[in-house]
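K.L.:
So that we are looking at the same thing, I have put the structure below in structure tokens.
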């Protein structure tokens, strides 16, 4: 039987998660991309099961092994402290290389881009990540930039944690057009009104930057 | 033994979840509030276990039964299609009334406010919810308003889905002061740059509003 066309099978999205992830890195893009008409979203991990966040307070369930989703249309790689282990996991890197070879878009949020880098996907490209990890992109032959969302052909990287929502809305536009992407924005009522304007390194006062260590997720002690 | 003081035990946060929730409703506030120094976050449900999202693609694990966390400092009630069942669940309403009686703040995101309403907590108060459900607040004696975050004493309601991030940053300021709240904003790099400006009913063109039905989460068929 011939493989189904992309149109017939809809948009298949794989979100890579792992222990000690940052939940919003994964859930922001999920909340946007899952609303694409015809979308299927699968949370994938080396070992299926609950994946606990960096602070230990929450687990997201990865129901699929990497091998269950070898050829997604869209790859989303989340970040968090666990990215350090993930980028040294040969099974993760091998899956990423294969998935990227066939994907329409390969994307990351936060330190997820370091995992893309370790898989060799960012070599020679501009890319971004959480501001605290920007320089590490050079280790993988990428050129760090401080834009919130960085598009390089089919590779799209986003900055820290919450930036995955913005990235995913742009991706929704690429997949389904601007009207659908705007309808998703309205559906999740994404009309951001942060009470302060300290969300980037350039905007935050020095005394706020100095406090970041106090609000970092504690290593999961459970 | 005397109960520990609030200072000694830190800030205890309970996030109410249920089947058919909208994941970002819960994960947005979680990502902010979990970074408060000394915070403990517990995901609670009538029956502990994995709680599947409205589209069936993701499960968040609620590790605690309602009775495990009777007296949180902060209550966060998430929304989603499952709020309809939750607001008719006497166990949920009883827990909410008790938790609210002792809480420092009682909050909701999206249609979570309808659950607060069903528990009698919004009577005579201004409140908000997802734009598509605003008028239902009147059923519970609340006055619907279209602000993104509505503070009424210790009761804080937020609008649809993504608004929980803004609400939680304000709450972080109330709990720990503006510098810590800004450090959390920087930590999650919340410098929103949506690619479009269609995130509220007032801003979205009519053709976009008409498309929302196409991007609603499909009822979970799994």
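K.L.:
Just one of (1) more than 12 Å from chain A (Cβ to nearest Cβ); (2) assigned to a helix (DSSP H, G or I); (3) touching a residue at least 40 places away in the same chain (Cβ under 8 Å) trips up residue B:94, so point out which.
P.N.:
(3)
K.L.:
When residues of the stretch A:206-222 are filtered for being under 23 Å from the mean Cα position of the chain (by Cα) and not in a helix (DSSP H, G or I), how many remain?
P.N.:
Adding up the residues that qualify gives 5.
K.L.:
Check off (1) under 24 Å from residue B:130 (Cα atoms); (2) free of Cβ contacts under 8 Å to residues at least 12 places away in the same chain; (3) more than 7 Å from chain B (Cβ to nearest Cβ) for residue A:193 and give me the number that stays unchecked.
P.N.:
(3)
K.L.:
Here's something else I'd like to know. Among the numbered criteria (1) surrounded by fewer than 17 Cβ atoms within 10 Å (Cβ to Cβ); (2) within 7 Å of chain A (Cβ to nearest Cβ); (3) touching a residue at least 12 places away in the same chain (Cβ under 8 Å), which single criterion is violated by residue B:214?
P.N.:
Looking at each condition in turn, residue B:214 falls short on (3).
K.L.:
Moving on. Considering every residue within the stretch B:79-91, establish whether at least one is at pLDDT 95 or above, within 30 Å of residue A:111 (Cα to Cα) and within 14 Å of chain A (Cβ to nearest Cβ).
P.N.:
Checked against the condition, which is being at pLDDT 95 or above, within 30 Å of residue A:111 (Cα to Cα) and within 14 Å of chain A (Cβ to nearest Cβ), the stretch B:79-91 yields at least one hit.
K.L.:
Now for a different question. Contact list please: Cβ distance under 8 Å, first residue in the stretch B:49-61 and under 11 Å from residue B:26 (Cβ atoms), second residue modelled with pLDDT under 95 and in a loop (DSSP other than H, G, I, E, B), pairs at least six apart or on different chains.
P.N.:
Pairs found: B:53/B:217; B:53/B:220.
K.L.:
Determine which member of the set B:115, B:121 is crowded, with 22+ Cβ neighbours inside 10 Å, more than 22 Å from residue A:189 (Cα to Cα), touching a helix residue (DSSP H, G or I) at 6+ places or on another chain (Cβ under 7 Å) and more than 10 Å from every other protein chain (Cβ to nearest Cβ).
P.N.:
It is B:121.
K.L.:
Identify all residues within the stretch B:113-136 that are within 14 Å of the chain's Cα centre (by Cα) and not in a loop (DSSP other than H, G, I, E, B); write none if there are none.
P.N.:
Residues satisfying the conditions are B:113, B:114, B:115, B:116, B:117, B:127.
K.L.:
Taking into account only those residues within the stretch B:13-48 that are surrounded by fewer than 24 Cβ atoms within 10 Å (Cβ to Cβ) and without any contact (Cβ under 8 Å) to a residue 24 or more places away in the chain, which is nearest to residue A:28 (Cα to Cα)?
P.N.:
Of everything passing the filter in the stretch B:13-48, B:48 is nearest to residue A:28 (Cα to Cα).
Table: residues versus (1) within 20 Å of the chain's Cα centre (by Cα); (2) surrounded by 19 or more Cβ atoms within 10 Å (Cβ to Cβ); (3) in a loop (DSSP other than H, G, I, E, B).
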{"site": "B:160", "(1), (2), (3)": "yes, yes, yes"}
{"site": "B:169", "(1), (2), (3)": "yes, yes, no"}
{"site": "B:183", "(1), (2), (3)": "no, yes, no"}
{"site": "B:196", "(1), (2), (3)": "no, yes, yes"}
{"site": "B:204", "(1), (2), (3)": "no, yes, yes"}
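K.L.:
Considering only residues that are within 13 Å of chain B (Cβ to nearest Cβ) and in a strand (DSSP E or B), which ones fall in the stretch A:59-73?
P.N.:
Hits for the stretch A:59-73 are A:59, A:60, A:61, A:62, A:64.
K.L.:
Report the residue count in the stretch B:136-172 for those that are at the interface with chain A (Cβ under 10 Å from one of its Cβ atoms) and farther than 20 Å from residue B:23 by Cα.
P.N.:
Counting residues in the stretch B:136-172 that are at the interface with chain A (Cβ under 10 Å from one of its Cβ atoms) and farther than 20 Å from residue B:23 by Cα gives 3.
K.L.:
How many residues, within the stretch A:97-107, are assigned to a helix (DSSP H, G or I) and in contact (Cβ under 8 Å) with a residue 12 or more places away in the chain?
P.N.:
Within the stretch A:97-107, residues that are assigned to a helix (DSSP H, G or I) and in contact (Cβ under 8 Å) with a residue 12 or more places away in the chain number 5.
K.L.:
Filter the stretch B:137-158 down to residues that are in a helix (DSSP H, G or I) and in contact with a strand residue (DSSP E or B) (Cβ under 8 Å, 6 or more places away or on another chain) and give me whichever is nearest to residue A:163 (Cα to Cα).
P.N.:
B:137
K.L.:
Out of all the residues in the stretch B:173-182, is one or more facing chain A (nearest Cβ under 7 Å) and over 30 Å from residue B:101 (Cβ atoms)?
P.N.:
Scanning the stretch B:173-182 turns up at least one residue that is facing chain A (nearest Cβ under 7 Å) and over 30 Å from residue B:101 (Cβ atoms).
K.L.:
Next question. Considering only residues that are surrounded by fewer than 22 Cβ atoms within 10 Å (Cβ to Cβ) and not in a helix (DSSP H, G or I), which ones fall in the stretch A:74-86?
P.N.:
If the condition is that a residue be surrounded by fewer than 22 Cβ atoms within 10 Å (Cβ to Cβ) and not in a helix (DSSP H, G or I), then A:81 is the only one that fits.
The values are calculated or read from the model by the stated rules, or taken from the named source; none is laboratory data. Fair warning: this is a prediction, and the values are worked out from it, not measured in the lab. Don't worry about glycine lacking a Cβ; one is built from the backbone with ideal geometry, like all the others, and counts go over all protein chains shown.
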